[in-house]
Structures are given as C-alpha cells and as structure tokens.
Amino acid sequence: MSPDELVYLGVLAASIPVGFLFRYLSPPVKQGAALLLGLSITIATCQIHALHSLVTVIGTWIIIKSTWRSAPALSLGWTFLYLLFFRLVTWVGLPAPTPFANAIQLLLTLKMVSLANEVHSYHLEKKKEVSSFSKSPVIGGLSKEPSLYDILSYSYCYVGIMTGPFFRFQTFMDWLGQPSPLTLPAVVPCLQRLKLVPVYGALFLAVNSVFPLSYVRTDDFLDRNFFFRLFYMTAVFFVFRMRFYAAWCGAEGGCISAGLGCYPEAAMSKPGGGPTVSYSPDPNAAVPYDFKTIQNIDCYNTDFCVKVRHGMRYWNMTVQWWLHHYIYPNSPFKAYTLRAGWTMFISAYWHGLHPGYYLSFLTIPLCIAAESAMEASVRARLGPGGQSAFDWVHWFLKMRAYDYMCMGFVLLKAGDTVHYWTSIYFIIHVIAVGCIVFGRLARGSKRGEKRGEKEEGKVEEVGSKEKPKEDIRAKQD
C-alpha cells in the first residue's frame, strides 16, 4: 500500500470509534466538534491547499445569499469551473494540490450543488405556503435557510470528508437534531457492514501483487498471448472492486457509528437522498431503522446484476443519486442513450481531466444501446428458458464490459488505454457495435414480417367482402 492509502486507511479506521463518541454530544456541541475535527483533517492532509475548499464554500454561500432563484445553475457552474482551475493550478505557477485535497474537493462539489438546490426548493415551498396558507407537504425539505456557520459545518463535517458517502444538507441537520441518538442502532449494523472489509482488503492485496497494473504498460505484456491479455483486465477490475468495496464499506461504518443517515425503515430512504415518504414513528412501538441514506455500495448486486445500466445503480450509489437528480434531468438531449452519455460525460469531468475517464465513461452509453437492441430483438422473442440463458450471457458480457472500461479508468492516459484496448482488438467496442447492428436488422425484419401479415390480412378481408357480391351475381345469372 502507498503512503497515501495508509493515510486514508487511518482516517477511516479512526472515524469508526470516534463516531460512537459523537452520539453522546448535544446538537450544538456535535456540530462544532464535527466541524473542528473535519477542519483538522483537512488542514493536516491538505495544508495550504485547504484554501481551495474554503474558496468553493464561500463562493457558493455568496451565490445562495445573492440569488436563490438561480443558485442551482450558478452553483453548478461555479463549482465545476473551480474544479477546472483546481486541476490546472500548475499552469499559473501554483503548487499542485495533494490527492487528499482532490478527494475533499470532489465531495465538496457535490455538497455545494446539492445545497444550492435544497435552498432553492426551500424558498419555492415557502412562497407556496404563503400563497396557499398551508404547510408544504415536501419531504426532506429544509425548515430554514442555512447560515454560513451551518454551511461550513456541513462542508467540513468529518464524516466521510475524504471518502464519502455523499449526503444532503438536510441529512446532516437531521443527524444534529436526533432526539435520542444513544437509542438508535449502532454496534450491530456497524459490525454487519464491516464484517467483510478484511476479506476485501486481503483479496485486494493478494491479487494486486500477482496482477500489478504497471505490467500492462510494459513491452513484455504484448508478448503474452491474446487470452492472457484479455484475462488481465478481469483481474485488474477485481482488484479495483475489492479496493473500493473495502473503502466504502469502511466509510459507511463510520457513518453508522455516528448515527448519520439513520431513519425509520418506513421513510423508504434512498442512498444520497434520504427519506422519500413522510413518516411518524409510534412512540409506543419498536421502530426498525436502516442506514440506506448513506449506503454507497451494494457489493452483491454490483457483481451479479444482469445489465450494464443496473450496474451503475449499485456502484457509488450516493453519487449516482446526485447525478440522477441534478445532471440527468437537465440534459440537453431527450433520447435515453444520449442523456446517459451526457450524464457520463459530466461524471467523467467530475472525476478528472484524464482522457481515460472519458474513454471509459463514454463507452457506457454504447453498451447500454447494445443491450437494449439485443433485449428488444432477441430476448423478447424467447421463452422463459431462453430468456434465462440470455440473461446469463448478458451478465457475463456486462462484467467483461466493466472490466474493459475499468482499464481506461485506472490507466488514465489516452495512449495507455488505447494501447491496451488495441492489444485485445477493441473487443467490447466490436461486440457492442455488432449487437446494435444485429438488433436493428432483426427488428427491421420483424417489422417487415408484421407489415406482410397486416397486408395479407387486408387482402383476405377484401376478398371476403367481394365474395358475397360474386355469389349474388351468380344467383342472378
């Protein structure tokens, strides 16, 4: 493990026992302590580069105070433009930010855009209340406009400050205002979430030692046979998954120990978004709780869901919620595949400027179009047994597609990514394009058959209508 990874591991490990202590604090003390601890982590790991995050927060606060009506669009433009400056600071003679500063900046960007949207919704609902003389039924909305201190506390809350998960400002305020945090579930759900972390960590270290990513960049790699080169991406993606499974499950453990994102099951919470329905727990009955609001990974479904589009839902789930609510609806396109492409482009930009991100993320819409074409042209014509076999093949190809795209994500450089994809003859791109072409041809032939059947039906109808006339003439003769 690198020194940076050891720092991440240390922060994650320390956040879990610290979280249990936060349950004993009153709301004001909890807010101040979370801010102080988060700032300490930020300054210790980022040093002078901590100013980038502070500038982002202050800029968003000014936007919200100046024009709440345009705050969602302006905050998105402000934070994403600052991300560009943040990544190009060396061009103006400033020192390059640390990896920790980059991690904090990424999560802060999500928080600030979400905050601006929450404040915008708050003012809209407030205007409706004034005009209708009734309380707004909005779920999970703000009860007041946040102060600068509230925004700073939310921005630098120590929970998930470098590793996530993303959570909304209202989730943060609900955490501070929990009436009886010591009575909420803690140890059992925390251990449940952490029980496989050692396994994921051990598998990450073991497989990474046998299949190092650096070997792909060597000339010796090209001398290996095609099947070895093809298998290598499966091993790399496995290492990639194990690393993030361990990190995100550990980060969720830190949230659970502190009680962040704990809501009654009846609230039907969504990862990242929080409650989706109104709930009022019965004080005299046992209330089951969950931590779905801060769930960032579903390891089982990530591996075993069938479709490419579904695989995205279970990976980095809180960020997927953010993209689905703030980027996808505002896409300039109407077609699903194009909207998905736009969303993936924004996601790639959020991750960084490395070409590998764009090569990987923009392959996803192609794979989605391919699976949609095959489902419509092939799966729809099969019986139950055939559909089951189709789904197994679909799952296998889905995993290979993510193996393939992962290589761009980890190799980063366009040359390295294309170099590897060339070594396996762009196999996933070829399969995807082939599926799209085949699907369209098959659907075209199916439409032709339907048209032929309709025309035959029309001819038969005309013939049946003409026969009685012929019979009448025959009788007259």
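Structure notes:
- Listed pairs K65/K126; K126/K270; K111/K270 exceeding 22 Å between Cα atoms: K126/K270
- Inter-probe distance in nm under a simple model that places probes 7 Å from Cα toward Cβ, at T67 and A14: 4.2 nm
- Cβ-derived FRET efficiency at R0 51 Å, Y149 paired with D220, nearest 0.05: 0.35
- Percent carbon-and-sulfur accessible area, the stretch 42-99, ignoring ligands, DNA and RNA, probe 1.4 Å: 74 percent
- Between I43 and A380, the modelled labels are 6.2 nm apart [label points 7 Å from Cα along Cα→Cβ].
- Most tightly packed first, judged by the mean number of other beta-carbon atoms within 10 Å of their residues, the peptides 379-388, 263-272 read 263-272, 379-388.
- Among the listed options (1) 22.0, 69; (2) 27.3, 109; (3) 23.9, 90, the one matching Rg and Dmax of the Cα atoms in Å as calculated from these coordinates is (2).
The values are calculated or read from the model by the stated rules, or taken from the named source; none is laboratory data. No experiment lies behind these values; they were computed from the predicted model shown. Note: ideal-geometry Cβ built from the backbone for every residue, glycine included; neighbour counts use all protein chains shown. Protein only, heavy atoms only, side chains kept; ligands, DNA and RNA dropped before computing areas. Shrake-Rupley method; radii C 1.70, N 1.55, O 1.52, S 1.80 Å.
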